[in-house]
Amino acid sequence: MRFINNIDDDNIIKHYAAVDTLYHASFWQLFCICKLHKKISNNAFAQLIQSDHISSFDLFEHKEVVTSYGPELRDYILTNVNHIQLIIHVYEQDFTPGKKLFLPDELTGEDICGYISQYVASQNVNPNHLEAIRLMRATVQIPITDEIRLAAKRRYQEEAEKMTSKGTLITSGVGVILSPDQEEVKKYEQNGNDYTCSYSIQWLKDTLDYPSVLNNFIYVFEVVDVPQMRSLQVHTRTQSGIFDRVFRSQSSRMYPDSFGFKSVQNMCNLQMNAYYEFLNANGVHLEDVLQWVFTQYLQEAFGFPEMRTRFPSKGTTYSEKCSTIITAFESILKQYCLYVKHGTIDFELMAMSSGSVKFDMVPSLLKEKYLYGKGADYESLTHLMFSDQCMLKFIPRIHKAGQHYKSFLELLRNETVYLSDYHDRDMPSLRFLEKHSMIHISAEGLIELHDIRRVALLRDLYQHDVINISHYGANITPIITEWEKDGIVYGNNTLFSQPEVDYLNYLLNRAEYDNGLEIRNRYSHGVLQIDPDEAVHKHNYIILLRVLVLLAIKINDELCTLNPIEPIQP
């Protein structure tokens with residue numbers, strides 16, 4: 001403290017240069033605590049921040065510093081395009097955990113827009129920063145314009161083309177084949193980074209009736225997993241590799257479109273497009289199948305009340321089809337909400353509601369449906385048992401023998417492991433797992449899996465981010481009750497699970513995610529209608545058909561759970 005109090009205009013630059021890099025953040029904390037902003041002049045501060053050792057994030061973390069030296073910090077930002085990270089951080093900080101930064105009042109919205117434009121046009125740009133700028137939405141503090149975002153998009157495309165022409169890209173391709181000779185209903189093949197799914201044309205020809213078409217989406221094309229009926233199209237945390245975890249944006253305003261997720265989306269679109277064209281070629285129109293599901297099948301199979309909806313007709317353009325099917329989707333959601341709430345569908349009451357339905361507000365007919373993990377204990381349990389980053393999986397003697405495992409669970413399932421294999425620093429983690437009945441440690445120090453039901457349930461939750469409780473047996477109820485009491489899990493009752501809600505928000509609107517495709521919004525607002533490229537509308541229509549198929553499966557699953565019937569299976 002004596003050191004910091006001796007600092008003045010004459011020696012601050014010398015003293016700061018003598019501070020070890022590790023303590024620069026502490027220097028600015030003490031700067032504020034000792035109120036040096038009342039002692040150090042603006043001229044001396046302006047000279048100090050020109051130092052190469054200044055950390056921008058340390059400076060702008062302290063409101064007192066930013067307020068006291070506003071003009072100097074405004075110039076500090078505007079004279080260096082490399083400070084673009086500050087602007088992006090300030091934009092994202094309301095959605096992302098991390099340091100709270102402050103910008104000086106002297107830095108106007110006009111300044112910021114001009115600065116961002118300067119960065120986009122500069123010689124050295126970071127593609128990640130360009131992508132962040134493209135996805136920004138105008139705020140009071142950062143009133144970015146559509147022109148700037150378009151410039152960032154075009155510059156990003158230019159940089160991507162340069163990278164492609166100069167280097168070798170590692171790509172992974174997916175393919176879908178409808179095979180006339182294949183006996184198996186479905187077959188998967190991998191060749192390096194390429195994946196191919198092939199399906200039997202004979203099976204598809206033998207299952208052209210409407211119920212079988214719906215079941216093909218479940219059992220053949222695997223839109224959902226059986227019996228959980230969770231969408232397999234959504235992003236899950238376990239899809240993200242180490243590259244995604246380290247380098248991709250962590251902003252909660254960005255849907256985590258990892259490389260694994262994008263591969264899944266490509267495959268899903270190819271599957272739907274191939275099957276849609278196959279059905280058309282064989283005289284079956286998927287729109288008619290969906291119309292039948294909602295207006296006839298549900299009523300005949302489950303006594304569901306009359307549902308009114310209109311699907312796209314055969315002669316319309318894909319642009320028109322997109323607008324029509326979006327309206328059908330909204331209408332079905334509203335009607336289902338009314339049915340769950342009132343046991344009937346009052347169309348006059350429905351007509352009084354003009355707003356869009358929020359996906360997380362669509363209720364479930366089931367009293368207990370979804371289970372989610374939460375809290376530090378859940379994160380610790382899943383990390384220790386299943387993560388490829390947990391070092392409990394590594395035992396030197398086993399590693400030397402040439403055996404390598406992806407997780408602690410995999411290690412325990414394949415090897416004989418003892419407490420003596422671990423260092424003292426690992427003991428708290430092992431005892432924590434023992435306390436929660438994941439493992440059992442014998443008197444001789446043998447470590448084994450303990451309650452397999454708990455391990456399996458937790459692993460299912462870890463891999464999919466959600467569990468459909470209604471498809472588990474009653475024997476797990478005591479475990480869930482215990483975990484709820486311990487604050488490890490929580491449940492809710494909605495038609496869509498939270499991963500499905502997030503996915504639908506990503507596809508259809510921009511309310512939650514800056515990188516959302518906002519297909520619903522763009523057609524509703526007339527933005528996409530003006531695009532003359534029918535291929536764009538066809539691509540969007542394929543995605544919207546996938547959404548309607550998922551909705552049909554989710555509603556059918558709830559009604560089947562309450563009124564079990566035997567599905568057609570391959």
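Annotations for the structure displayed:
- Accessible area per residue, Å², the range 404-489 with all protein chains present, probe 1.4 Å: 53
- Protection proxy ranking of 461-469, 365-373, by the mean of other Cβ atoms within 10 Å over each peptide's residues and highest first, is 461-469, 365-373.
- Summed over qualifying helices (DSSP H, 4 residues or more, each -39500 (n - 2.57)) and divided by its residue number, the chain shows a 222 nm mean residue ellipticity of -15000 deg cm²/dmol.
- For VAL174, the residues whose modelled amide H falls within less than 5 Å of its own, excluding neighbours fewer than 5 places apart on the same chain, are TYR195.
- Given LYS406/LYS485; LYS314/LYS538; LYS14/LYS39; LYS341/LYS554, the pairs whose alpha carbons are separated by over 20 Å: LYS406/LYS485
- The range 300-352-the range 78-142 distance, computed between alpha-carbon centres (Å): 43
- Taking all protein chains together and rolling a 1.4 Å probe, ASP421 ends up with roughly 30 Å² accessible.
- Highest mean packing first, where packing is the average number of other Cβ atoms within 10 Å per residue, the peptides 377-386, 296-305 line up as 377-386, 296-305.
- Potential lengthening between PHE278 and THR145 on full extension [0.36 nm per residue; Cα-Cα distance subtracted]: 43.5 nm
- Normalised per residue, the volume of the convex hull around the Cα set of the range 406-543 (Å³): 191
- Three-way shape label, the range 387-482, alpha-carbon gyration tensor, a/c 1.5: prolate
- Annotation: aspartates and glutamates with alpha-carbon distance below 17 angstrom to LYS99 (same-chain offsets under eight excluded): ASP58, GLU61, GLU64.
- In the chain, taking the dipole from charged Cβ atoms about the Cα centre, the farthest positive-side position among MET427, ILE33, GLY70 is held by ILE33.
- Distance between the C-alpha centres of the range 269-287 and the range 393-470: 46 Å, rounded to the whole angstrom.
- With all protein chains modelled, accessible area of ARG520 [1.4 Å, Å²]: 20
- Loop trypsin sites (Lys or Arg not before Pro), the range 50-116, which have at most 14 other Cβ atoms in a 10 Å radius of their Cβ (DSSP): LYS99, LYS100
- Calculated P(r) over Cα pairs in 20 Å bins from 0, in percent (choose from [x] 16, 37, 26, 15, 5, 1; [y] 21, 51, 27, 2; [z] 16, 41, 34, 8, 0), label: [z]
The values are calculated or read from the model by the stated rules, or taken from the named source; none is laboratory data. Just so it is clear, the model here is predicted, and its values are computed rather than measured. Cβ coordinates were reconstructed from backbone atoms using ideal geometry, including for glycine residues, and neighbour counts include every protein chain displayed. Ligands, DNA and RNA are excluded from the accessible area calculation, which covers all protein heavy atoms including side chains. Shrake-Rupley method; radii C 1.70, N 1.55, O 1.52, S 1.80 Å.
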